[in-house]
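Quick notes on the structure that follows.
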Amino acid sequence: MYPLAWHRANVQLDHHLHQVVDHVLLRGQANLTDLFIAPATHSGDDLVVEVWKNGNDSGHPDWTNSPNLIIPRTLGGVTEATVAGQTWRVYRESSPQLDVLAAQRTRVINVEVERTGFDSLLPTLVLLPLMWLITGYCVRRALKPLDTIGAQVGSSELKEPLSIDDSEVPIELVPFVSSINTLLERLARYVEVERTFVAEAAHELRTPIFVLQVLAHNLRNAKSDSEARERHEELDRGIKRIVLLVRQLLGLAKAEGMGGQSAFCLVDLLQLVRTAIADSQQVMLLRGVDIGLYALPELAYVYGNEGELHAVLKNLIENAIHYSPHGACIDIRIVIDGPEIVVEVQDNGPGIPEDMLDKVFERFFRIRNNDVEGSGLGLAIVQTIVAKHGGMVRLQNLPRPEHGIVAQVRLPLAQAPVSGELQQVQ
């Protein structure tokens with residue numbers, strides 16, 4: 001503001017000096033005695049005018065309104081000169097007969113700047129507090145619905161789903177309230193999943209832990225070394241079962257999103273199937289099972305989490321191994337079906353009753369009269385992960401007289417990368 005006022009004062013002063021010189025040149029061409037300019041009194045803001053006839057080299061002007069103060073002749077245009085310890089702003093202009101200069105103390109500029117600055121600042125000082133009051137009132141009034149929403153959310157509990165009523169909310173805040181409702185809905189689902197998970201985990205762990213306590217008691221009361229070894233083996237099997245149960249519970253929790261959202265990337269499903277088979281090699285050798293891969297496409301890429309998809313494939317392969325008789329053959333097929341990639345794992349097991357094909361995907365569900373050890377969580381994990389990847393999984397009994405189950409997983413097919421991207425993915 002101050003530089004602007006200084007510039008404006010300079011412009012006004014220069015314009016005033018220019019008008020004075022033009023007036024003198026116009027009137028002085030006829031007769032210098034016709035000039036009337038107030039005598040200078042040296043009060044601090046006087047205007048000094050000097051008229052020099054061409055050829056006058058005496059050092060004194062032919063006419064001046066301030067005989068006691070001589071302003072030295074300067075270059076043409078606007079300049080500054082120091083006389084008697086004070087700075088003057090000088091404007092000089094010449095004609096064929098006359099050389100005229102007008103000067104005024106620069107102190108006038110400071111006075112003008114102070115006056116202009118005060119005139120500009122006074123309205124601002126008056127209006128600024130008023131603007132603060134008006135702005136504060138408008139902001140508080142506009143944000144009042146947010147206070148109501150905050151109080152409503154803060155006083156609620158997550159026992160029941162919470163939804164914020166947006167009927168009385170300003171239209172500008174409706175998208176914000178809608179996003180908050182979506183977030184609360186998602187949070188309520190996560191809380192419900194966690195609550196169910198904790199309850200079911202506690203229920204399912206109660207029996208194995210009790211069995212471990214009984215086995216430990218029996219081991220302490222063993223009467224011979226052979227009996228102690230037998231009890232120790234039972235205890236070891238019980239510990240392995242509970243470790244498997246805990247591992248699957250954690251896997252289910254992660255698949256349901258309680259462990260955070262996983263990062264998706266481009267996954268080579270063919271390579272992932274081969275890796276899952278290799279990781280199940282030890283179980284295959286123990287059961288004497290042979291696995292064959294058929295109908296493999298050249299490229300089969302999906303978009304997802306590699307670790308989770310590996311868990312799906314390994315779970316289905318090991319299920320087929322455990323439920324097939326010793327020395328059986330398990331077939332794995334990978335085919336492209338339109339926009340989907342289909343993975344089928346076929347075993348030679350006893351199959352599943354038709355009325356239980358959907359129930360086996362429920363948590364902790366196990367078919368009775370089944371000698372295969374398990375927790376009933378494997379297929380629940382598989383279904384959760386596949387659904388998370390936008391796919392579907394189903395089980396189907398083989399037609400008679402054959403025996404076995406076909407586990408089919410369908411996933412959205414991703415566009416295969418070009419050669420440069422392929423090297424990066426690999």
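The values are calculated or read from the model by the stated rules, or taken from the named source; none is laboratory data. Just so you know, these numbers come straight off a predicted model, no measurement behind them. Every residue, glycine as well, gets a Cβ built from its backbone with ideal geometry; the counts of neighbours run over all protein chains shown.
Test residue 64 against the stated conditions and say whether it is in the same structural domain as residue 27 (by TED's automatic domain parsing) and either more than 60 Å from the chain's Cα centre (by Cα) or free of Cβ contacts under 8 Å to residues at least 60 places away in the same chain (or both). Judged against the criteria, residue 64 is a match.
Report whether or not residue 43 is out of contact with any Asp or Glu (no Cβ under 7 Å at 6 or more places or on another chain), among the polar types (S, T, N, Q) and modelled with pLDDT of 75 or more. So residue 43 does not fit the description; no. No other residue among 202, 222, 228 is at pLDDT 80 or above, surrounded by fewer than 16 Cβ atoms within 10 Å (Cβ to Cβ) and either among the aromatic types (Phe, Trp, Tyr) or out of contact with any Pro (no Cβ under 8 Å at 6 or more places or on another chain) (or both) apart from 228. Identify the residue in segment 380-421 that is in a helix (DSSP H, G or I) and touching a Leu at 6+ places or on another chain (Cβ under 9 Å) and, among all such residues, is farthest from residue 309 (Cα to Cα). Among residues in segment 380-421 that are in a helix (DSSP H, G or I) and touching a Leu at 6+ places or on another chain (Cβ under 9 Å), the one farthest from residue 309 (Cα to Cα) is 421. Taking the criterion of being within 21 Å of residue 64 (Cβ to Cβ) and either in contact with a Gly (Cβ under 7 Å, 6 or more places away or on another chain) or not assigned by TED's automatic domain parsing to the domain that holds residue 54 (or both), the residues of segment 101-123 that qualify are 105, 107. The residue pairs whose first member lies in segment 278-298 and is at positive phi, whose second member is surrounded by 14 or more Cβ atoms within 10 Å (Cβ to Cβ), and whose beta carbons are closer than 7 Å, counting only pairs six or more residues apart or on different chains, are 295/333; 295/334; 295/335.
Matching residues to (1) farther than 25 Å from residue 398 by Cβ; (2) at pLDDT below 90; (3) in a helix (DSSP H, G or I):
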| position | (1), (2), (3) |
| --- | --- |
| 253 | yes, yes, yes |
| 258 | yes, yes, no |
| 275 | yes, no, yes |
| 335 | no, no, no |
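Scanning segment 172-199 for residues that are closer than 19 Å to residue 152 by Cβ and of a type in the set (A, V, I, L, M, F, W, C) turns up 173, 174, 176, 177, 180, 183, 184, 187, 188, 191.
Residues that are at pLDDT below 80, of a type in the set (A, V, I, L, M) and over 33 Å from the mean Cα position of the chain (by Cα) were ranked within segment 369-426; the one that is nearest to residue 314 (Cα to Cα) is 377.
For residue 302, state whether it is touching a residue at least 12 places away in the same chain (Cβ under 8 Å), buried (at least 18 other Cβ atoms within 10 Å of the Cβ) and farther than 17 Å from residue 410 by Cα. No, not satisfied.
Within segment 56-105, count every residue that is in a strand (DSSP E or B) and of a type in the set (A, V, I, L, M). Of the residues in that region, 9 qualify. Could you list all residues from segment 313-333 that are under 17 Å from residue 391 (Cβ atoms), among the aliphatic types (A, V, I, L, M) and part of a strand (DSSP E or B)? Selection gives 332 alone.
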